[in-house]
Amino acid sequence: PGPQPNFTTQAVSLENAPPPISGGTLTIAPDGHTAVAADPDRDRIYVVDIPSRTVKFDIELAKGAEPGRLAVDAHDVAHVALRGTGALVSLNLKTGAKTERAICAAPRGVVFDSKIDSLHVACAEGTLATISLKDGTLKQLGLDADIRDVCVGKDRLFVSHFRSAQISVISRTGDIVCRTRT
């Protein structure tokens, strides 16, 4: 069944080990021809024009930033959670301009909410942060620790809890509607 790996008996250690494998690091912009990829191993974000197969922007981040989940809003801006620095980086997909904003200690999931023109960021320490894209205001809702991702439904938000395998259902007004086990 093909060539087999040749393992040596000597262990190898890296001075700076790569971050754990995570998902959600690739998305396609609403235009259908722009891909945005976060590379946590190299602390970089790539913006690619799919039809021409060219890298439009190669964005270098601070060492240890560990870019993760990302979302693209209706204004052609990609927002990427930086797991290692507690920030959210926003990239203009037309110009490549980059801005960073501190969000929480451990941002994990991020989603664009077109109904209210805002971003929701799930923070592992138990905070759901909502950022208005109109005026930049930040609202925070305290939940149980270890939340991982957030998803927008028709009139509710769904927030996943990693270790407890729960989903918190939250109304648009910030009330916890229910919690379910998956």
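The values are calculated or read from the model by the stated rules, or taken from the named source; none is laboratory data. Since we're looking at a predicted model, the values are computed, not measured. Backbone-built Cβ (ideal geometry, glycine too); neighbour counts: all protein chains shown. With ligands, DNA and RNA removed, areas are computed over all heavy atoms of the protein, side chains included. Shrake-Rupley method; radii C 1.70, N 1.55, O 1.52, S 1.80 Å.
Before moving on, here are some points about what is shown:
- Taken over the stretch 99-150, the criterion of being touching a Phe, Trp or Tyr at 6+ places or on another chain (Cβ under 9 Å) and over 13 Å from F162 (Cβ atoms) is satisfied by S118, L119, H120, L133.
- The set of residues in the stretch 12-63 that are of a type in the set (S, T, Y), touching a Leu at 6+ places or on another chain (Cβ under 9 Å) and assigned to a loop (DSSP other than H, G, I, E, B) contains only T25.
- Consider the stretch 143-160 and keep the residues that are modelled with pLDDT under 90 and touching an Asp or Glu at 6+ places or on another chain (Cβ under 9 Å). The one that is least open to solvent (accessible area, probe 1.4 Å) is D146.
- Number of positions in the stretch 100-110 that are touching a Leu at 6+ places or on another chain (Cβ under 8 Å) and crowded, with 21+ Cβ neighbours inside 10 Å: 3
- Looking only at residues in the stretch 70-84 that are modelled with pLDDT of 95 or more and either charged (D, E, K, R) or not in a strand (DSSP E or B) (or both), the one that is surrounded by the fewest Cβ atoms within 10 Å (Cβ to Cβ) is A74.
- Flag if A97 is open to solvent by 30 Å² or more (accessible area, probe 1.4 Å) and modelled with pLDDT under 95: no
- A residue that is touching a Leu at 6+ places or on another chain (Cβ under 7 Å) and outside any strand (DSSP E or B) occurs somewhere in the stretch 117-124.
- Qualifying positions in the stretch 2-52 - surrounded by 13 or more Cβ atoms within 10 Å (Cβ to Cβ), of a type in the set (S, T, N, Q) and under 18 Å from D76 (Cβ atoms): T27, T34
- Hey, T173 of a type in the set (S, T, Y) and assigned to a strand (DSSP E or B) or not: no
- Selection from the stretch 125-164 of residues that are assigned to a loop (DSSP other than H, G, I, E, B) and over 20 Å from R101 (Cβ atoms): L143, D144, A145, D146, G153, K154, D155, F162, R163, S164
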